[in-house]
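J.: Here it is: the structure, laid out below.
The values are calculated or read from the model by the stated rules, or taken from the named source; none is laboratory data. Owing to the predicted nature of the structure, the values given are computational and were not obtained by experimental measurement. No Cβ is skipped: glycine too gets one built from the backbone with ideal geometry, and neighbour counts run over all protein chains shown.
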(Lines give C-alpha, C1' and ligand atoms only; values in the text may rest on other atoms or scores of the structure.)
Protein backbone atom coordinates (compact mmCIF):
# COMPACT_ATOMS: atom_id res chain seq x y z
CA UNK A 1 0.00 0.00 0.00
CA UNK A 2 2.89 2.35 0.81
CA UNK A 3 4.29 1.82 -2.71
CA UNK A 4 0.95 2.72 -4.29
CA UNK A 5 0.78 5.97 -2.30
CA UNK A 6 4.33 6.86 -3.39
CA UNK A 7 3.52 6.18 -7.04
CA UNK A 8 0.35 8.28 -6.88
CA UNK A 9 2.23 11.10 -5.12
CA UNK A 10 5.01 10.98 -7.71
CA UNK A 11 2.45 11.14 -10.55
CA UNK A 12 0.69 14.11 -8.95
CA UNK A 13 3.98 15.96 -8.48
CA UNK A 14 5.00 15.18 -12.08
CA UNK A 15 1.70 16.48 -13.44
CA UNK A 16 1.82 19.58 -11.24
CA UNK A 17 5.36 20.57 -12.25
CA UNK A 18 5.05 19.82 -15.97
CA UNK A 19 2.07 22.05 -16.74
CA UNK A 20 2.88 25.05 -18.96
CA UNK A 21 3.68 28.36 -17.35
CA UNK A 22 0.73 30.72 -17.09
CA UNK A 23 2.78 33.94 -17.10
CA UNK A 24 2.03 34.79 -20.73
CA UNK A 25 -1.40 33.23 -21.05
CA UNK A 26 -3.87 35.64 -22.58
CA UNK A 27 -1.27 37.72 -24.38
CA UNK A 28 -0.90 37.82 -28.15
CA UNK A 29 2.25 38.48 -30.17
CA UNK A 30 1.74 39.54 -33.77
CA UNK A 31 4.32 38.47 -36.35
CA UNK A 32 4.19 40.15 -39.75
CA UNK A 33 5.91 38.93 -42.88
CA UNK A 34 5.90 39.27 -46.62
CA UNK A 35 4.31 36.60 -48.82
CA UNK A 36 7.72 35.04 -49.56
CA UNK A 37 8.08 31.32 -48.76
CA UNK A 38 11.26 31.84 -46.72
CA UNK A 39 9.53 34.37 -44.50
CA UNK A 40 6.60 31.97 -44.09
CA UNK A 41 8.91 29.23 -42.82
CA UNK A 42 10.79 31.59 -40.49
CA UNK A 43 7.56 33.04 -39.11
CA UNK A 44 6.13 29.58 -38.44
CA UNK A 45 9.31 28.45 -36.70
CA UNK A 46 9.29 31.55 -34.53
CA UNK A 47 5.57 31.11 -33.77
CA UNK A 48 6.14 27.54 -32.63
CA UNK A 49 9.06 28.53 -30.41
CA UNK A 50 7.22 31.44 -28.79
CA UNK A 51 4.10 29.36 -28.17
CA UNK A 52 6.00 26.34 -26.84
CA UNK A 53 8.32 28.28 -24.56
CA UNK A 54 5.95 30.93 -23.21
CA UNK A 55 2.38 29.82 -23.87
CA UNK A 56 1.77 33.13 -25.62
CA UNK A 57 -0.73 33.15 -28.49
CA UNK A 58 0.95 34.07 -31.77
CA UNK A 59 -0.91 35.73 -34.62
CA UNK A 60 0.65 35.83 -38.06
CA UNK A 61 -0.20 38.52 -40.62
CA UNK A 62 0.90 38.58 -44.24
CA UNK A 63 1.72 41.87 -45.95
CA UNK A 64 2.26 42.26 -49.70
CA UNK A 65 5.70 43.83 -49.27
CA UNK A 66 8.50 44.02 -46.75
CA UNK A 67 8.00 47.77 -46.53
CA UNK A 68 4.33 47.34 -45.54
CA UNK A 69 5.31 44.83 -42.84
CA UNK A 70 7.95 47.25 -41.54
CA UNK A 71 5.39 50.06 -41.33
CA UNK A 72 3.10 47.79 -39.29
CA UNK A 73 5.86 47.30 -36.71
CA UNK A 74 6.80 50.99 -36.64
CA UNK A 75 3.14 51.97 -36.11
CA UNK A 76 2.70 49.34 -33.33
CA UNK A 77 0.25 47.25 -35.36
CA UNK A 78 2.64 44.30 -35.00
CA UNK A 79 5.36 43.14 -32.64
CA UNK A 80 7.82 41.27 -34.87
CA UNK A 81 8.74 41.46 -38.56
CA UNK A 82 10.61 38.62 -40.27
CA UNK A 83 13.39 39.52 -42.73
CA UNK A 84 17.11 39.14 -43.30
CA UNK A 85 19.43 41.88 -42.05
CA UNK A 86 20.91 42.59 -45.48
CA UNK A 87 17.47 43.00 -47.05
CA UNK A 88 16.37 45.31 -44.23
CA UNK A 89 19.42 47.49 -44.77
CA UNK A 90 19.02 47.69 -48.57
CA UNK A 91 15.26 47.67 -49.17
CA UNK A 92 13.61 48.91 -45.97
CA UNK A 93 16.12 51.49 -44.83
CA UNK A 94 17.35 52.35 -48.36
CA UNK A 95 20.98 52.39 -47.18
CA UNK A 96 24.19 51.14 -48.75
CA UNK A 97 25.37 47.54 -48.35
CA UNK A 98 27.53 46.62 -45.34
CA UNK A 99 29.72 43.54 -45.76
CA UNK A 100 30.76 43.00 -42.13
CA UNK A 101 28.02 40.91 -40.40
CA UNK A 102 28.56 42.43 -36.93
CA UNK A 103 28.49 45.98 -38.29
CA UNK A 104 25.40 45.17 -40.37
CA UNK A 105 23.57 43.79 -37.33
CA UNK A 106 24.42 46.90 -35.28
CA UNK A 107 23.17 49.12 -38.14
CA UNK A 108 19.75 47.44 -38.46
CA UNK A 109 18.83 46.37 -34.93
CA UNK A 110 16.08 48.35 -33.28
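J.: Which of the residues that make up the range 85-110 are under 13 Å from residue 66 (Cβ atoms), assigned to a helix (DSSP H, G or I) and more than 21 Å from the chain's Cα centre (by Cα)?
T.: Residues satisfying the conditions are 90, 91.
J.: Here is a further query. Within the bounds of the range 10-20, is there any residue that is surrounded by 10 or more Cβ atoms within 10 Å (Cβ to Cβ) and either modelled with pLDDT of 60 or more or touching a helix residue (DSSP H, G or I) at 6+ places or on another chain (Cβ under 9 Å) (or both)?
T.: Yes, the conditions are met somewhere in the range 10-20.
J.: Could you say whether any residue in the range 71-84 is in a helix (DSSP H, G or I), under 18 Å from residue 107 (Cα atoms) and touching a residue at least 12 places away in the same chain (Cβ under 8 Å)?
T.: yes
J.: Being out of contact with any helix residue (DSSP H, G or I) (no Cβ under 8 Å at 6 or more places or on another chain) and either surrounded by 15 or more Cβ atoms within 10 Å (Cβ to Cβ) or modelled with pLDDT of 90 or more (or both) narrows it down to one of 35, 78, 43, so name that one.
T.: Just a single option satisfies the conditions, and that option is 43.
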